[in-house]
Amino acid sequence: MDIKIKITSKRPRKIHNVKAYEGFIHIGDFSESIYVPLDYWSRADYERQWKEGLERIKIHDTSCLVATIHDPKIRKFVDWWELYKINNVIYVQNGWLIEHLYDEIVGDNQFTPDTCYNFITPRVAASEGHTVSEWSVPFKPE
């Protein structure tokens, strides 16, 4: 499975007035920088969730990788990558839960490294008139 996510900076620094790390996500031939703030989750929380998220997709049909989450009491914002396994292909979609979407999907529930999987939405495939940012990688069961 050609999906990787990691922190690349040695130390956090202030980004958008929040202490944060820089990192990247790699999906097949695609790579993108990520911003990993520390105002709600710790570095250990992110790294544990990424490891568990990648392991989870091996035995479940859905999973996720949370790249950014802010303290919802201050700013309701999640940048994540939802993973969907269909016929030995993993489809990866980048998504955001912002303010009203966060309220609608998460509500008053806790969004933690353990509960984040409860909020995965059904996969939306690209169709005429509907654009979806999606990447796919083959899944080879071990």
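The values are calculated or read from the model by the stated rules, or taken from the named source; none is laboratory data. These numbers come from a predicted model, not from an experiment. Using ideal geometry, Cβ is built from the backbone for each residue, glycine included, and neighbour counts are taken over all protein chains shown. Accessible surface is based on the protein model in full, side chains and every heavy atom, while ligands, DNA and RNA are left aside. Shrake-Rupley method; radii C 1.70, N 1.55, O 1.52, S 1.80 Å.
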Exercise. Going through the stretch 71-100 one residue at a time, which ones are within 19 Å of ILE34 (Cβ to Cβ) and surrounded by fewer than 16 Cβ atoms within 10 Å (Cβ to Cβ)?
Worked result: ASP71, TRP96, ILE98
Problem set entry | Qualifying residues in the stretch 63-100 (those that are touching a Ser or Thr at 6+ places or on another chain (Cβ under 9 Å) and of a type in the set (Ser, Thr, Tyr)) - the one farthest from PRO113 (Cα to Cα) | TYR91
Seminar exercise, completed: Scanning the stretch 4-26 for residues that are touching a Lys or Arg at 6+ places or on another chain (Cβ under 8 Å), over 13 Å from THR68 (Cα atoms) and in a strand (DSSP E or B) gives ARG13, HIS26
Exercise. Do you know which of the residues in the stretch 113-142 that are modelled with pLDDT under 90 and among the small types (Gly, Ala, Ser) is farthest from the chain's Cα centre (by Cα)?
Worked result: GLY129
Problem set entry | Residues (without any contact (Cβ under 8 Å) to a residue 12 or more places away in the chain and closer than 20 Å to VAL132 by Cβ) located in the stretch 70-91 | ASN87
For this session: Mind listing just one residue for me: the one in the stretch 27-39 that is open to solvent by less than 70 Å² (accessible area, probe 1.4 Å) and outside any strand (DSSP E or B) and, of those, farthest from ASP114 (Cα to Cα)?
Result: GLY28
Exercise. For residues in the stretch 51-69 being open to solvent by 10 Å² or more (accessible area, probe 1.4 Å) and touching a residue at least 12 places away in the same chain (Cβ under 8 Å), which is nearest to ASP2 (Cα to Cα)?
Worked result: LEU54
Exercise. Residue check: is ARG43 closer than 30 Å to LYS10 by Cα and open to solvent by 80 Å² or more (accessible area, probe 1.4 Å)?
Worked result: no
